[in-house]
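Asks: Submitted below is the structure of interest, expressed as structure tokens.
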Amino acid sequence: MPPRIRNSNCPPQQLLLNYLDAPLPSSLLPVHRPAAVASSSTPSPCRPQQQSAAAPQRCFSTSQPREMTKPQREFRQFLKHAGKQFEKHVGNGPMYLSSVKSMGADDVPFPSNKMFRSEPVLSSRARQIIWEAVMLKGMPLKAVSAQYQVDVRRVAAVVRLMEIEKRMEKENAPMAIPYALAVEKMLPRSNLTGDEQPFEPINDVHVHSFTMQQLFVPVSESREFTRKDAAKAFGDHILPPDHKMRIPELVKMERDILNDVPQAQAEKDFLARTRQSEREFAEKEKYVADKRDARKSKVDTERFEFRIEKINSEAVGKKGRARGAVGWRYGVPFNDRQRGLYKIPTSVG
Amino acid sequence: MRCERRILRYHSLKRGRVRQTWNKYNLFNLFRMRDRKGNFGTFFQQKWHAKAATRAYHGEHIKEKQWERMFSRRLLSAVNMDPAYMAKYDGSEQAAGRGSGRDVKPGRSEKNVARNTGNAEGMTPYMQMTFAPQERRLDISVFRALFASSARQARQFVIHGAVKVNGKKMQHPGYLLNPGDLFQVDPEKVMIATGRKKTSKSESSSTPKTPTPEEDAEPAEETAEAAEQSAEELSPEQLKAQHLDGLKQLHQHARKIIEENKDKLSGGHKKEIRELSKKIKEAMNRARKVGTDVQETGDDMENLASLMSELELTPAERAELRQQQQAEAPAAEAPTNPSTPDYPQLRTRTPVPTAQTKFDMVESQILKRLLEEEKINPWDPSKPYATPWRPRPYMSAFAFIPRYLEVNPKICAAVYLRHPVARPGKTEIPTPFNMHTSQLAFNWYLRRR
């Protein structure tokens with residue numbers, strides 16, 4: 001006896017025919033077969049009318065479809081209205097949430113925190129200007145810093161990065177150029193043209209925690225209590241800000257100007273002093289490096305250069321684990337695989 | 001050993017936690033974040049809630065114990081000292097009078113009043129520096145430099161070996177950067193992280209067929225003789241340039257049509273135009289590739305030109321044209337031409353408008369720019385992101401670079417200049433919370449609860 005199909009008003013042969021005639025799933029079709037696609041889209045003459053007119057797919061669940069929760073609804077609304085403008089960045093400048101919340105400030109990325117502002121970054125043109133000043137004109141870093149009001153460390157970093165960029169360009173290494181263009185459009189930026197606000201403070205002085213306490217120092221009324229005295233009062237090792245200035249040559253220049261040295265001459269002297277300080281720094285570095293090398297005796301064979309240095313094997317500290325100690329010592333367990341020990345390097349040279 | 005916390009309902013709308021991501025759910029959560037007004041519970045409860053909210057943003061992938069070890073109550077700040085002020089005064093003027101400086105008499109000019117300029121107004125927001133130690137971490141710095149779309153993704157980049165510190169591969173996301181450290185991320189990874197996702201629809205429909213030798217050979221027999229003749233006279237480079245010019249003109253023409261009948265065109269028509277301009281771009285790409293057969297580019301030109309001429313017709317006219325073409329070329333012939341499955345009208349020779357079209361200076365400049373863009377940002381289906389590269393949606397709302405980093409986005413490298421500091425009136429720690437919340441969190445970690 002053939003298997004029976006319940007609730008079916010068409011005979012089995014008819015079902016088989018329908019199956020053969022039904023459109024194939026797209027994955028089974030060859031990619032370009034316009035003829036086959038055309039035939040499947042037209043209704044076949046042998047398909048019974050009542051089949052196509054039958055009730056739509058039976059729903060097995062009797063429960064109502066889940067409604068959207070309130071946050072979900074609000075989220076949809078946000079994407080349609082207030083959040084719409086953020087989907088695609090248009091224009092030439094930053095676009096933060098604060099612009100929607102009508103706070104009057106366009107550079108606040110987090111509406112609740114007005115203390116954090118998105119400050120301008122150096123544009124690609126500005127970076128090129130700095131690189132040219134240092135590498136082509138040969139200006140000292142401090143002078144470039146003072147001229148463009150950019151921190152000395154940033155000037156050095158810009159030059160370092162630009163050098164890498166130029167090297168990569170020469171090597172034809174892959175770079176993220178469309179990304180860089182897009183990011184530059186999204187950020188506030190400075191071209192260092194000089195007619196805008198100074199880029200950043202260049203004479204930062206770190207606030208020492210010793211100087212954050214309130215101190216009562218009795219002094220005579222006639223005494224001149226200067227910054228130096230104040231530093232001394234906070235602690236013997238506390239330096240006055242005069243010694244912590246990043247570009248002390250600038251203070252000297254200002255002092256010269258107060259002492260009626262012409263502006264042009266003062267600036268010239270400033271340039272000479274910064275150049276001198278840079279030279280001194282380089283000489284000091286060289287001296288240290290030379291001294292380090294002098295401790296080592298070099299034996300140059302054809303293949304290797306052996307560098308031999310004298311060390312004191314006894315200087316291993318109280319527990320035999322001193323940082324500078326050299327070599328493996330017997331009797332001291334080597335515990336660098338132990339759990340909970342900090343194994344991440346602290347510096348990369 | 002598990003080093004990372006699990007993600008549980010990361011962008012939950014119900015809890016509304018703000019995270020270190022560029023996600024649209026995160027944008028919404030940030031949008032509706034409200035400052036709690038007044039005191040809402042016991043001091044402990046307030047601290048608890050502040051800690052929970054801030055830790056959901058600041059390094060939520062870092063274990064609590066690890067963060068507790070990192071936390072430092074020493075908050076860094078800096079003040080700018082104006083050289084002109086330093087030169088003129090030695091500080092004794094601040095101790096003059098009764099010990100706190102002389103009063104300025106009302107009405108006298110303030111010109112001679114000693115003032116250290118260069119600092120913003122307002123108090124120094126020390127409490128916003130609570131999570132400053134985390135900003136030293138390599139993964140978070142990579143995120144802050146806009147090289148990854150979330151801190152977790154940045155962490156993954158580090159673990160997968162895509163990040164170098166001072167030229168050496170660094171695989172510890174918890175590496176604490178030292179001032180002066182240079183980190184560099186693989187540009188390809190950055191493009192993936194910050195670019196739009198590749199949708200199967202947009203990419204697969206426009207995938208060009210790479211010509212196989214057989215396909216190249218076939219059209220060579222039947223294509224226009226004119227191209228053959230000119231190929232004999234001109235060098236391959238010249239010929240290629242010529243074809244590129246033609247393609248440029250076509251592109252222009254398509255743009256013109258769109259510009260002129262912006263509101264007149266129907267939806268389907270617009271779609272067709274868009275498809276056409278996409279095909280022109282593809283053809284340009286193919287033509288520009290080194291070693292491409294001139295024949296092939298010539299074919300492209302013809303196809304596109306015929307498509308273009310069709311576009312200018314009204315729907316009724318187009319239907320008519322189609323009928324004509326069908327009558328001319330029997331349907332059986334279509335599948336015999338496997339090299340051009342995408343363009344059914346290929347072989348029909350409709351009048352080509354390219355040569356006759358005149359272009360003015362502005363248009364040619366626009367085209368030049370377009371071609372330049374095309375050159376630096378090409379269409380390339382082999383990339384794992386949508387090409388030409390575009391920034392991912394909702395990126396701009398999160399795009400900022402804090403001052404303690406100097407970033408060169410072109411080479412995807414950045415220098416960690418110094419530790420972040422608080423200055424009068426501003427903080428360098430990007431945190432979405434107000435000072436009150438940060439202060440409560442700071443108090444939590446002081447461990448006097």
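The values are calculated or read from the model by the stated rules, or taken from the named source; none is laboratory data. Treat the numbers as computed from the prediction; the structure is a model and nothing was measured. FYI the Cβ positions are ideal-geometry reconstructions off the backbone, even for glycines, and counts take in every protein chain you see.
Asks: Which of the residues that make up the stretch A:137-167 are away from chain B (no Cβ under 13 Å) and assigned to a helix (DSSP H, G or I)?
Replies: Here is the first cut: in the stretch A:137-167, the residues away from chain B (no Cβ under 13 Å) are A:137-141, A:143-144, A:147-148.
Result: A:L141, A:A143, A:V144, A:Q147, A:Y148.
Asks: Out of the residues in the stretch A:237-259 meeting the condition of being farther than 24 Å from A:V207 by Cα and either touching a Phe, Trp or Tyr at 6+ places or on another chain (Cβ under 9 Å) or more than 13 Å from chain B (Cβ to nearest Cβ) (or both), tell me which one is surrounded by the most Cβ atoms within 10 Å (Cβ to Cβ).
Replies: A:M253
Asks: Residue check: is A:V90 within 29 Å of B:M123 (Cβ to Cβ) and at pLDDT 90 or above?
Replies: So A:V90 does not fit the description; no.
Asks: Only one of these conditions is not met by A:Q213: (1) more than 15 Å from B:A95 (Cβ to Cβ); (2) touching a Phe, Trp or Tyr at 6+ places or on another chain (Cβ under 6 Å). Which number is it?
Replies: Against the list (1) more than 15 Å from B:A95 (Cβ to Cβ); (2) touching a Phe, Trp or Tyr at 6+ places or on another chain (Cβ under 6 Å), A:Q213 comes up short only on (2).
Asks: Let me ask something else about it. Collect the residues in the stretch B:139-168 that are over 30 Å from B:P424 (Cβ atoms), in contact with a helix residue (DSSP H, G or I) (Cβ under 6 Å, 6 or more places away or on another chain) and not in a loop (DSSP other than H, G, I, E, B), keeping them in residue-number order.
Replies: Once the filter is applied, which keeps residues that are over 30 Å from B:P424 (Cβ atoms), in contact with a helix residue (DSSP H, G or I) (Cβ under 6 Å, 6 or more places away or on another chain) and not in a loop (DSSP other than H, G, I, E, B), the stretch B:139-168 yields B:D139, B:Q153, B:A154, B:R155, B:F157, B:V158, B:V163.
Asks: Scan (1) in the same structural domain as A:I129 (by the TED database); (2) closer than 28 Å to B:V190 by Cα; (3) crowded, with 18+ Cβ neighbours inside 10 Å for the single condition A:E169 breaks and write down its number.
Replies: (3)
Asks: Still on this structure, please answer the following. Could you give me the residue pairs with C-beta distances under 9 Å whose first residue belongs to the stretch A:64-84 and is surrounded by fewer than 16 Cβ atoms within 10 Å (Cβ to Cβ), whose second residue is of a type in the set (K, R) and assigned to a loop (DSSP other than H, G, I, E, B) wherever it lies, and which are 6+ apart or on separate chains?
Replies: Partner pairs satisfying both residue conditions: A:T69/B:K14; A:E74/B:R32.
Asks: When you go through (1) at the interface with chain B (Cβ under 10 Å from one of its Cβ atoms); (2) of a type in the set (D, E, K, R); (3) over 20 Å from A:I130 (Cα atoms) one by one for A:K232, which number turns out not to apply?
Replies: Here A:K232 meets the rest and fails (1).
Asks: Okay, moving on. For the stretch A:178-193, give me each residue that is among the aliphatic types (A, V, I, L, M) and either on the phi > 0 side of the Ramachandran plot or in contact with a Lys or Arg (Cβ under 6 Å, 6 or more places away or on another chain) (or both).
Replies: A:A180, A:L192 - these are the residues of the stretch A:178-193 that are among the aliphatic types (A, V, I, L, M) and either on the phi > 0 side of the Ramachandran plot or in contact with a Lys or Arg (Cβ under 6 Å, 6 or more places away or on another chain) (or both).
Asks: Tell me, please, whether a residue that is more than 8 Å from every other protein chain (Cβ to nearest Cβ) and over 22 Å from A:E119 (Cα atoms) can be found in the stretch A:194-210.
Replies: Yes.
Asks: Within the stretch A:118-133, take every residue that is within 14 Å of another protein chain (Cβ to nearest Cβ) and β-branched (V, I, T) and give me the one that is farthest from B:K410 (Cα to Cα).
Replies: Looking at the filtered set, the residue picked out is A:I130.
Asks: For the stretch A:320-343, state whether one or more residues are hydroxyl-bearing (S, T, Y) and within 14 Å of chain B (Cβ to nearest Cβ).
Replies: Initially, the stretch A:320-343 is screened for residues hydroxyl-bearing (S, T, Y), giving A:330, A:342.
Among the residues that remain, those that are also within 14 Å of chain B (Cβ to nearest Cβ) are: A:342.
Scanning the stretch A:320-343 turns up at least one residue that is hydroxyl-bearing (S, T, Y) and within 14 Å of chain B (Cβ to nearest Cβ).
Asks: Then there's this: Consider B:G118 carefully, then state whether it is on the phi > 0 side of the Ramachandran plot and out of contact with any Asp or Glu (no Cβ under 8 Å at 6 or more places or on another chain).
Replies: Details: on the phi > 0 side of the Ramachandran plot: yes; out of contact with any Asp or Glu (no Cβ under 8 Å at 6 or more places or on another chain): no.
So B:G118 does not fit the description; no.
Asks: Can you name the residue in the stretch B:367-404 that is in contact with a Ser or Thr (Cβ under 7 Å, 6 or more places away or on another chain) and among the aliphatic types (A, V, I, L, M) and, of all such residues, is modelled with the highest pLDDT?
Replies: Applying the filter and picking the extreme gives B:M395.
Asks: (1) assigned to a helix (DSSP H, G or I); (2) in contact (Cβ under 8 Å) with a residue 60 or more places away in the chain; (3) facing another protein chain (nearest Cβ under 9 Å): which one isn't true of B:M127, the others all being true?
Replies: That leaves (3) as the condition not met.
Asks: Here's something else I'd like to know. Of the conditions (1) at pLDDT 95 or above; (2) over 15 Å from B:P83 (Cα atoms), A:D256 satisfies every one except a single condition; which number is it?
Replies: The number of the failed condition is (2).
Asks: Related question: Any chance the stretch A:189-202 includes a residue that's over 21 Å from B:R418 (Cα atoms), small (G, A, S) and assigned to a loop (DSSP other than H, G, I, E, B)? Write out each step before concluding.
Replies: First, the residues of the stretch A:189-202 that are over 21 Å from B:R418 (Cα atoms): A:191-197.
Pick out the ones that are also small (G, A, S) and you get A:194.
Okay, now just the ones that are also assigned to a loop (DSSP other than H, G, I, E, B), so A:194.
There is at least one residue in the stretch A:189-202 that is over 21 Å from B:R418 (Cα atoms), small (G, A, S) and assigned to a loop (DSSP other than H, G, I, E, B).
Asks: When you look at A:E283, is it at pLDDT 95 or above, over 24 Å from B:A87 (Cβ atoms) and acidic (D, E), yes or no?
Replies: yes
Asks: Name the single residue, out of those in the stretch A:85-117 being touching a Pro at 6+ places or on another chain (Cβ under 8 Å) and touching a residue at least 40 places away in the same chain (Cβ under 8 Å), that is nearest to the other protein chains (Cβ to nearest Cβ).
Replies: Once the filter is applied, the top-ranked residue is A:H89.
Asks: Identify all residues within the stretch B:37-91 that are within 14 Å of chain A (Cβ to nearest Cβ) and touching a Phe, Trp or Tyr at 6+ places or on another chain (Cβ under 6 Å); write none if there are none.
Replies: B:T54, B:H58, B:L75
Asks: While we're here: Output the residues belonging to the stretch A:73-107 that are touching a Leu at 6+ places or on another chain (Cβ under 7 Å), farther than 19 Å from A:E119 by Cα and part of a helix (DSSP H, G or I).
Replies: If the condition is that a residue be touching a Leu at 6+ places or on another chain (Cβ under 7 Å), farther than 19 Å from A:E119 by Cα and part of a helix (DSSP H, G or I), then A:F75, A:F86 are the ones that fit.
Asks: Of the residues that make up the stretch B:386-403, is at least one more than 16 Å from the chain's Cα centre (by Cα), within 29 Å of A:P111 (Cβ to Cβ), surrounded by fewer than 23 Cβ atoms within 10 Å (Cβ to Cβ) and in contact (Cβ under 8 Å) with a residue 60 or more places away in the chain?
Replies: Yes, that holds for at least one residue.
Asks: Taking the options B:A132, B:A154, name whichever one is within 30 Å of B:G195 (Cβ to Cβ) and either in contact (Cβ under 8 Å) with a residue 40 or more places away in the chain or buried (at least 21 other Cβ atoms within 10 Å of the Cβ) (or both). Please lay out each step first, then the result.
Replies: On the way: B:A132 fails: within 30 Å of B:G195 (Cβ to Cβ).
Testing whether each residue is within 30 Å of B:G195 (Cβ to Cβ) and either in contact (Cβ under 8 Å) with a residue 40 or more places away in the chain or buried (at least 21 other Cβ atoms within 10 Å of the Cβ) (or both) leaves just B:A154.
Asks: Between a first residue in the stretch A:257-285 that is under 16 Å from A:P140 (Cα atoms) and a second residue that is surrounded by 10 or more Cβ atoms within 10 Å (Cβ to Cβ) and of a type in the set (K, R), which pairs have beta carbons less than 8 Å apart while being 6 or more apart in sequence or on different chains?
Replies: A:D269/A:K252; A:F270/A:K252; A:R273/A:K252; A:T274/A:K142; A:S277/A:K142; A:E278/A:K142
Asks: For A:D204, only one of the following conditions fails: (1) surrounded by fewer than 20 Cβ atoms within 10 Å (Cβ to Cβ); (2) farther than 30 Å from B:T387 by Cβ; (3) acidic (D, E). What is its number?
Replies: Just one mismatch for A:D204, condition (1).
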